[in-house]
1. What number do you get for the chain when its Cα radius of gyration is normalised by 2.2 N^0.38 Å, N = residues?
2. Over all directions, what mean area does the Cα convex hull of segment 94-181 project, stated in square nanometres?
3. Can you tell me, using C-alpha contacts under 8 Å and at least 6 residues apart, the relative contact order of segment 1-130 as a whole percent?
4. Just the number, please: percent antiparallel of the DSSP beta bridges in segment 50-204, rounded to the nearest 5.
5. Can you give the calculated 222 nm mean residue ellipticity of the chain, where each DSSP H run of n ≥ 4 adds -39,500 (n - 2.57) and the sum is split over every residue, rounded to the nearest 500 deg cm²/dmol?
6. List every residue whose amide H lies under 5 Å from the amide H of Ser209, counting only residues 5 or more places away in sequence or on a different chain, with H placed 1.01 Å from N in the peptide plane.
7. How high is the relative contact order of the chain, in percent, with contacts defined as C-alpha pairs under 8 Å that are six or more residues apart?
8. Rounded if a/c is under 1.5, else prolate if a/b beats b/c, else oblate: with a ≥ b ≥ c from the C-alpha gyration tensor eigenvalues square-rooted, which is segment 11-102?
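What follows is calculated from the coordinates using simple rules that are stated; it is not laboratory data. All figures in this text were calculated on a predicted structure; none of them were measured in a lab. Note that we place each Cβ from the backbone using ideal geometry, even for glycine, and neighbour counts take in every protein chain shown.
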Amino acid sequence: MNPGPGPLALVGSGEYLAVMAGVEGALIEGRPRRYVQIPTAAAPEGPDRLQYWLDLGAAQAERLGVEQVPVVVRDRDEAGSADLAALIDGAGLIYLSGGNPQFLARTLRGTRVWAAIEAAWRSGAALAGCSAGAIALTDWVPAVRSPGRAPEPGLGVLPWLRVLPHFDRMRSWAPDLAARAAAGAPPGTTVIGIDEDTAIVDLSGGGRSWQVHGRQQAWILAGGQDQSTDQEDRAGQPYPAGTNIKVDLYK
């Protein structure tokens, strides 16, 4: 792998499914064929749900012809495990899958496992997050279905972004979340909505030059210096697959 950070991907939904195989394959291309899969965000839902993600991940690894490396971290004690952290060594792609974003960020933040993930990414491994995983990679992690609960810090890889996955469906089950994200974003922050089965990818790893992939769109919402309260403005600017998003334009 080349020195420096590896590619980044933020995914609205569809991790480990055939619809995202092209994105995941491109992320691991030219890197070690070790696909590290971390289902921590689903741990509060119990062992059956964890196994669901592991089974999907195994199928995707087989589809891509790479080695599945499950790293099952269910709490902060396990996130401090040297043995689990060691599994991340030599990764080509590290993926944080969906579930509860606050639980994910709270469980990994400041732990040995997170230090191993960050070190591997900074050394050239690709790093991806889907849904909860995408939210947790920023520094603003809302309780998506509990509007009254305060946002929590994330993992801090992309502190200048706020990410809203499942954006095409979000208005039906979290109708005020986009408004909360945009209205509270400090100057220099970009609020990005990502539709289902859609990803934004930065092959440089810098987190500011993204390309949209998948079957739907990404959206730039009002935020940062633009504090408009007009509901139509909140709908954002769409970016279909194949288009580029330069985040530094929104500083």
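1. Cα-based Rg divided by the globular estimate yields 0.93.
2. That works out to 5.6 nm².
3. 41 percent
4. If we restrict to bridges inside segment 50-204, about 10 percent are antiparallel.
5. Calculated mean residue ellipticity at 222 nm is -8000 deg cm²/dmol.
6. Correct list: Val247.
7. 22 percent
8. Oblate.
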